[in-house]
Amino acid sequence: MPDLISSDVLERPQAEEAGAPVVVFDDVSISFDEKPVLENISFSVARGETRIILGPAGGGKSVLMKLANGLLRPDSGTIQVFGEDITTMREVDLFKLRARIGMVFQESALFDSLSVEDNVAYRLHEEGMPEEEAHARVVEALQFVELEQAIAKFPPELSGGMRRRVSIARAIITKPDLILYDSPTAGLDPITSTTIVELVIKQRDVSHTTSLMITHRLQDAFLLAMHRFDEKTGKIEPIPNGGIDDSTKFLVLNEGRIVFDGTTLELVRTDDAWLKEYLA
Ligand SMILES: Nc1ncnc2c1ncn2[C@@H]1O[C@H](COP(=O)(O)OP(=O)(O)OP(=O)(O)O)[C@@H](O)[C@H]1O
C-alpha cells in the first residue's frame, strides 16, 4: 500500500491525549436571523471513528460540519478538535488546525483553471513543498483514487464522479488527522456514488483516519457500515456473516436536534417511530 495512506506521525499538541476524542461538541447551539439551526448538540467522535451524519434536508448537517472546522462559530456551547477548544480560537490558530483536516466539499470545489495535478497539490504548494516531492505525492494520491491517468486534465473535462475523486485525492494528500466529507455523493448516479463510497471505505480501512461524512443516501451509509476493504484483493467486500464495521457510527439530525447518536446495530434496532419511518 502506498505510504500516503499509512497513519502519519505528526507531532501532536500536548492537549491531545492518546485515546481522547478527536471531535467533541458540548451543548452547541447556533441560530441564523434568530432562527435556531442547531440546538444543544452534544456528541463526540473517537480517534479512528467514521461518523455518518444523516437527516432530512435543512436539518443542520452542513452547518455542523462548518462548525467542526471553525468556518462558523457557535452562539453557545464549546467545540473541541484535536483536544483544543476551537470556539474561541484565533483565526491564525484555526488556520494551523485546518492544515490537519481534509475537506471534501459538496460540489467538489475544484479550481477549473488549474490542472488536476495542481488542484490535488494545492495545499502542498501552499506549504512550499519542492515540486518533485509534491509531484510524487500527487501521483500517489491519484493512484489511491484510481485516477492517475487524469493528472494533466482540467476539471471541466472530467465527469462528476471523477471530480469527486480528485476532491478526495486533494483531501488526503496532506495525510490529514480528520476528514470531513460533505455529501460526497450528492448529485451522482447510484453506480458512481457507490464507487465514491468505496473510496471512503478504503481510506477508512487502510489509514483509519477519523472522519465525518454527511450523506442524504441511506444506501451509502449502510454500504459504509457493512463493507470493508480487503488489502489482499484490493477490493471492497461485504463484511462476512452480515458483520458491521465497528469504527462506523451514526448521528441523525432532524430540525437542528440530534435524534440518534450510536452504532449501526442500535440504529437498525431503534424503537423510535420517527427514525423507523426515516429509515424505511
Ligand atoms: N450562512 C447562513 N445564513 C443563514 N442561514 C443559514 C446559513 N447556513 C445555513 N443556514 C440555514 O440553516 C439551515 C440548515 O442548513 P444546512 O445546510 O446545515 O442543512 P443540511 O442538513 O446540511 O441540509 P441539506 O441536506 O439540504 O444539505 C437551513 O435552513 C439553512 O438555510
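The values are calculated or read from the model by the stated rules, or taken from the named source; none is laboratory data. Here the structure is a predicted model, which means the values were calculated and not measured. Here Cβ is always computed from backbone atoms with ideal geometry, including for glycine, and neighbour counts include all displayed protein chains.
Going by what's in this entry, would Gln219 be described as assigned to a helix (DSSP H, G or I) and touching a residue at least 60 places away in the same chain (Cβ under 8 Å)? No; evaluated as a whole, the condition is false for this residue. Per this entry, Ile30 is not counted among residues that are surrounded by 19 or more Cβ atoms within 10 Å (Cβ to Cβ) and away from the ligand (no atom under 12 Å from the Cβ). Residue count for region 63-72 satisfying the condition of being crowded, with 22+ Cβ neighbours inside 10 Å and near the ligand (Cβ under 6 Å from one of its atoms): 0.
On the given criteria, is Thr195 of a type outside the set (Asp, Glu), at pLDDT below 95 and crowded, with 16+ Cβ neighbours inside 10 Å? Yes: the conditions hold for Thr195. When you scan region 260-270, do you find a residue that is of a type in the set (D, E, K, R), under 30 Å from Glu34 (Cα atoms), surrounded by fewer than 20 Cβ atoms within 10 Å (Cβ to Cβ) and at pLDDT 95 or above, even just one? So far as region 260-270 goes, yes, one or more of its residues are of a type in the set (D, E, K, R), under 30 Å from Glu34 (Cα atoms), surrounded by fewer than 20 Cβ atoms within 10 Å (Cβ to Cβ) and at pLDDT 95 or above.
Within region 205-216, residues that are closer than 12 Å to Val104 by Cβ and part of a helix (DSSP H, G or I) reach no partner that is hydrophobic (A, V, I, L, M, F, W, C) and modelled with pLDDT under 95 with beta carbons closer than 8 Å at six or more positions or on different chains.
Per-residue answers, yes or no, for (1) closer than 14 Å to Asp261 by Cβ; (2) at pLDDT 95 or above; (3) out of contact with any helix residue (DSSP H, G or I) (no Cβ under 9 Å at 6 or more places or on another chain):
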position	(1), (2), (3)
Ser31	no, yes, yes
Val37	no, yes, no
Ile53	yes, yes, no
Pro56	no, no, no
Leu64	yes, yes, yes
Leu67	no, yes, yes
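Scan region 79-100 and give yes if some residue there is within 16 Å of the ligand (Cβ to nearest atom), touching a residue at least 40 places away in the same chain (Cβ under 8 Å) and not basic (Lys, Arg), otherwise no. Yes, region 79-100 has at least one match. With the structure loaded, tell me whether Glu126 is out of contact with any Gly (no Cβ under 8 Å at 6 or more places or on another chain), under 30 Å from Val24 (Cβ atoms) and of a type in the set (D, E, K, R) or whether it fails that test. Yes, satisfied. Taken over region 38-62, the criterion of being surrounded by fewer than 20 Cβ atoms within 10 Å (Cβ to Cβ) and within 8 Å of the ligand (Cβ to nearest atom) is satisfied by Pro56, Ala57, Gly58, Ser62.
A quick yes/no check of all residues on (1) more than 27 Å from Leu212 (Cα to Cα); (2) surrounded by fewer than 17 Cβ atoms within 10 Å (Cβ to Cβ):
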| residue | (1), (2) |
| --- | --- |
| Glu117 | no, no |
| His125 | no, yes |
| Glu131 | yes, yes |
| Ala136 | yes, yes |
| Leu158 | no, no |
| Arg164 | no, no |
| Ala169 | no, no |
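Checking the structure you have, find out if any residue of region 171-184 is surrounded by fewer than 21 Cβ atoms within 10 Å (Cβ to Cβ), farther than 25 Å from Phe111 by Cα and not aliphatic (A, V, I, L, M). Within region 171-184, none of the residues are surrounded by fewer than 21 Cβ atoms within 10 Å (Cβ to Cβ), farther than 25 Å from Phe111 by Cα and not aliphatic (A, V, I, L, M).
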